[in-house]
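J.: One structure coming up, written as structure tokens, with questions to follow.
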Amino acid sequence: MSVKISNSKFVYNGKGYFRGGSEDVNFLSFGKKKTPINRPNYLNVAGTVRPQNIEKVKIKITGPYDIQWEKYSDTEVNVGIKYLTLAGGTFGFSREAAKKADLKLMKITIGENQLEKLLNEYANKARRSIEEEGNDGRIASSVWVVMEAQLAEIISNSNSVSASVPIASSGFSIELGTSGSSTTKSKINVPEGTSFAYMLHKVKKWRKEKGEKYVKELEDDMQGLN
């Protein structure tokens, strides 16, 4: 798969993901897309959907994705985020740390049908905020998270994945079903400040019902040349 990394975007298999301000963007953060001159485009975060609402819809986690970090410069790779460790904590991320600790990428995403359900049925604050921003309203529908290879393998080998309320106060948790049992679960916290890159979605069409606007159609918004 073709991979490109710069301080403004991450390209994987032809899709361009935003990197501008990624330290402030979490899975399902929402707000206004900013397009400053001579600076990376970014999401100006107004808020993030609560874990209690995220756990009501289906999410998907794919990976691990192996990145040849040594091909890129510190300027292209480094960003003020943390990576997840097998022990359950986090450490500061950098290109050097990625090479030494054998770090992989995992992608957390929500499909358009589930995102529409989330915004229309549960995340009222997010939906209204996106509507108020007009053509610039966006929500982070996918995030790439950096983690140790062993942790990435555990997640990829689980037979079920869902979101849940975290033990800590920030971010959300990934709840895994073990391969040996459909009832035994384990949790991995994904705290704030761990997004390497992100995809945005916008509302393409709205429908009105009893004075309230609801999502009729969504569309992805990939990072372009900037």
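J.: Using R₀ = 25 Å, calculate the FRET efficiency as 1/(1 + (r/R₀)^6) where r is the Cβ-Cβ separation of Thr62 and Ala101; round to 0.05.
T.: Taking R0 as 25 Å, the efficiency between Thr62 and Ala101 is 0.75.
J.: Ignoring ligands, DNA and RNA, how do Lys205, Lys104 rank by accessible area with a 1.4 Å probe, largest first?
T.: Heavy-atom accessible area, descending, gives Lys205, Lys104.
J.: Same structure again: Collect residues whose amide H, placed 1.01 Å from N in the peptide plane, falls under 5 Å from the amide H of Ile81; neighbours closer than 5 in sequence don't count.
T.: Phe93
J.: Compute the distance in nm between two label points, each set 7 Å from the Cα along the Cα-to-Cβ direction, one at Trp206 and one at Glu70.
T.: For Trp206 paired with Glu70, the spin-label model returns 5.2 nm.
J.: Moving on to the next point. Would you mind telling me the share, in percent, of accessible area of the range 3-221 contributed by carbon and sulfur at probe 1.4 angstrom?
T.: That share works out to 42 percent.
J.: Give the relative contact order (percent, whole number) for the chain; include only Cα pairs under 8 Å separated by 6+ residues.
T.: Relative contact order, the chain: 25 percent.
J.: Roughly how many debye, to the nearest 20, is the charge dipole of the chain about its Cα centre, given +1 on each Lys and Arg Cβ, -1 on each Asp and Glu Cβ, and no other charges?
T.: 540 debye
J.: When the helices in the chain are scored as -39500 (n - 2.57) per DSSP H run of 4 or longer and the sum is shared across all residues, what 222 nm value do you end up with, to the nearest 500 deg cm²/dmol?
T.: Calculated at 222 nm, the ellipticity per residue is -4500 deg cm²/dmol.
J.: Right, next: State the antiparallel share, in %, of DSSP beta bridges confined to the chain, rounding to the nearest 5.
T.: In the chain, approximately 95 percent of DSSP beta bridges are antiparallel ones.
The values are calculated or read from the model by the stated rules, or taken from the named source; none is laboratory data. Quick caveat: nothing in here was measured; it's all calculated off a predicted structure. Counting neighbours? That spans all protein chains shown, and the Cβs are built from the backbone with ideal geometry, glycine included. With ligands, DNA and RNA removed, areas are computed over all heavy atoms of the protein, side chains included. Shrake-Rupley method; radii C 1.70, N 1.55, O 1.52, S 1.80 Å.
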